[in-house]
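Below: the structure, in structure tokens.
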Amino acid sequence: MIRNILVMIVFFFGPALLMFVARSLFFMLRIWLRRKLKQAAEPQVIDITPVSRRALPRWFYVLSVMMGLLSAALAYQYLATDGAEKKVYIPAHLDEQGNVVPGHWQRLQTMPAE
């Protein structure tokens, strides 16, 4: 039940978060375009400062997006198919001979429908 509530919360707030990110990216794109236009109007200045401006390769970004999508899909599949094995806890008790049996987890035995 808690899992279902968490999944509902994620799917309720997920689209709102995506729209917020899209709005922020659009705003940053407008600022970037405005700055580029302003730089184009300024005179060209040669900068000789030794700064490494090498960006990460494009394959890294593609790989990170693919890994994120894969992990999200696998998590959704695990939650949707009840991947967790159902178990019940058997507390410590005495058996027929009077020996103490420690508490343990046991697989839930389902009765066949008649």
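A quick yes/no check of all residues on (1) under 30 Å from R3 (Cα atoms); (2) modelled with pLDDT of 90 or more:
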residue	(1), (2)
M19	yes, no
A55	no, no
G68	yes, no
A73	yes, no
L79	yes, no
E96	no, yes
V101	no, yes
Output the number of residues of segment 10-60 satisfying the condition of being in a helix (DSSP H, G or I) and open to solvent by less than 80 Å² (accessible area, probe 1.4 Å).
6
Do you know which of the residues in segment 81-94 that are of a type outside the set (D, E, K, R) and in contact with a strand residue (DSSP E or B) (Cβ under 8 Å, 6 or more places away or on another chain) is modelled with the lowest pLDDT?
V88
Does A113 count as at pLDDT below 75 and more than 26 Å from R3 (Cα to Cα)?
yes
Of the numbered conditions (1) at pLDDT 80 or above; (2) surrounded by 10 or more Cβ atoms within 10 Å (Cβ to Cβ); (3) among the charged types (D, E, K, R), R3 satisfies every one except a single condition; which is it?
(1)
Since L63 meets every condition but one in (1) out of contact with any His (no Cβ under 8 Å at 6 or more places or on another chain); (2) within 25 Å of N4 (Cβ to Cβ); (3) modelled with pLDDT of 80 or more, which condition does it not meet?
(2)
Pairs returned, first residue in segment 33-45 that is basic (K, R), second residue that is open to solvent by 100 Å² or more (accessible area, probe 1.4 Å) and not in a helix (DSSP H, G or I), beta-carbon separation under 9 angstrom, 6 or more apart or interchain, are none
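The values are calculated or read from the model by the stated rules, or taken from the named source; none is laboratory data. Here the structure is a predicted model, which means the values were calculated and not measured. Note: ideal-geometry Cβ built from the backbone for every residue, glycine included; neighbour counts use all protein chains shown. These accessible areas exclude ligands, DNA and RNA; they are computed on the full protein's heavy atoms, side chains included. Shrake-Rupley method; radii C 1.70, N 1.55, O 1.52, S 1.80 Å.
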